[in-house]
Amino acid sequence: MEPDENQIELLERELAGAQANRRLKEAAVEATLVTSPLLKSIHSDAATTSRQRYGFFVCAIGWILIGANFHNRALAPLLARRDALAETHANISQMLIRTQDSLVSTERAIVEAQQRNKEMADRLLLLTAQRDAENAKLRGEDHRTAEKELNAAMLMWEVTRNVAQAVIVASGVDWVRDRELRELVLACGDE
């Protein structure tokens, strides 16, 4: 007795439904396994242990794998490894984001410091120019005053020297043989 066409269609529909249910369960498990470590790593509670965090998922995997065939059980270590890698990836991504935020704030601080340095350098240049102008002004007045005093002192020295030369020559002293007197008499405006 051969099954009729209605029974074959009914069995094919049941088979298709069972396969769809199996695929749906596998998709749900995969989505849970992929998303959960990411969510847990982002929103992890410090008080929970890893055993508590993953206890539910291990239990869920165990129940699903009980009904699975040998090939699905062979995938369990690979799935666990994938989950561990996903959690590690999430942690590294968080560290990268924190590092990038730190880099941005450091670069912002550097730009602000450079701006302050520029402002301070401009202020320093302005103050230096003001100081130089004041020094030149004071130096000009001081220089003129000092030059007048020097000219007066030089004039007084020349007069004193000329008087000394005249006294030596008029005194009748033999100034030619005395080296010091000779130098004094012959020095005409050298100093």
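The values are calculated or read from the model by the stated rules, or taken from the named source; none is laboratory data. Since the structure is predicted, the reported quantities are computational estimates derived from the model, not experimental observations. Heads up, the Cβs are rebuilt from the backbone with ideal geometry, glycines too, and the neighbour counts pull from every protein chain shown.
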Among the candidates Thr160, Thr128, Thr145, Thr106, single out the residue that is at pLDDT below 85 and of a type in the set (Val, Ile, Thr). Thr145
From Ala129, Ala166, Ala90, grab the single residue that is surrounded by 10 or more Cβ atoms within 10 Å (Cβ to Cβ), aliphatic (A, V, I, L, M) and in contact (Cβ under 8 Å) with a residue 24 or more places away in the chain. Ala90
Six or more apart or on different chains, Cβ atoms under 9 Å: show the pairs whose first residue is in the range 1-27 and modelled with pLDDT under 90 and whose second is part of a helix (DSSP H, G or I) and surrounded by 10 or more Cβ atoms within 10 Å (Cβ to Cβ). Pro3/Leu11; Lys25/Ile64; Glu26/Ile64; Glu26/Asn72
